[in-house]
Amino acid sequence: YPQVKTIYQSKGAWFKPGIDDEENLRNKIARDPESILVAERESKIVGTISLIEDGRFAFLVRLAVLESERKKGVGTLLLEEAEKVLKERGLSKVNILVSGREEHLYSYYEHRGYNRGLPHLWMWKELK
């Protein structure tokens with residue numbers, strides 16, 4: 001967990017308390033061991049991506065790579081492996097949410113075959 005948290009906290013990535021906490025990630029992995037993939041170099045985790053799918057829809061979220069490992073193909077390898085997992089599960093389409101504050105990532109995903117969809121507003125609610 002500490003290595004993944006470091007990646008989420010690196011420049012350009014996001015760490016969200018209450019979402020990316022160790023217990024939440026452990027529970028996610030316990031429910032579905034392939035729901036969080038990591039890339040390693042020399043026994044050190046250098047990148048990660050999370051899969052969310054329910055058999056009908058699939059989303060890839062939290063793609064993050066250590067700043068020192070960017071532009072070396074790590075993100076592309078993680079995307080490809082996540083797509084492979086989803087194909088093996090019988091899914092034929094995957095979605096990625098990209099923040100409007102990160103427009104520089106639009107071309108990154110488009111270059112890897114992703115199409116732009118309609119803009120949406122993300123809404124959430126605390127369950128008490």
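Looking only at residues that are in contact with a helix residue (DSSP H, G or I) (Cβ under 7 Å, 6 or more places away or on another chain) and modelled with pLDDT of 95 or more in the range 66-95, which one is least open to solvent (accessible area, probe 1.4 Å)?
The extreme case among them is VAL85.
Looking across the range 1-42, just one residue is in contact with a Gly (Cβ under 9 Å, 6 or more places away or on another chain) and exposed (fewer than 12 other Cβ atoms within 10 Å of the Cβ), and that is GLU40. In the range 103-119, is there at least one residue being under 21 Å from TYR8 (Cβ atoms), free of Cβ contacts under 8 Å to residues at least 60 places away in the same chain and open to solvent by less than 40 Å² (accessible area, probe 1.4 Å)? Yes - at least one qualifying residue is present in the range 103-119. Test VAL98 against the stated conditions and say whether it is among the β-branched types (Val, Ile, Thr) and either under 19 Å from LEU25 (Cβ atoms) or out of contact with any helix residue (DSSP H, G or I) (no Cβ under 9 Å at 6 or more places or on another chain) (or both). Spelling it out, it is not the case that VAL98 is among the β-branched types (Val, Ile, Thr) and either under 19 Å from LEU25 (Cβ atoms) or out of contact with any helix residue (DSSP H, G or I) (no Cβ under 9 Å at 6 or more places or on another chain) (or both). Checking every residue in the range 66-87 against the condition of being closer than 19 Å to GLN3 by Cα, among the hydroxyl-bearing types (Ser, Thr, Tyr) and touching a residue at least 40 places away in the same chain (Cβ under 8 Å) gives zero matches.
The values are calculated or read from the model by the stated rules, or taken from the named source; none is laboratory data. Since the model is a prediction, treat every value here as computed from it, not as a measurement. Here the Cβ is made from the backbone with ideal geometry for all residues, glycine too, and neighbour counts use every protein chain on show. For accessibility, only protein heavy atoms count, side chains too; no ligands or nucleic acids. Shrake-Rupley method; radii C 1.70, N 1.55, O 1.52, S 1.80 Å.
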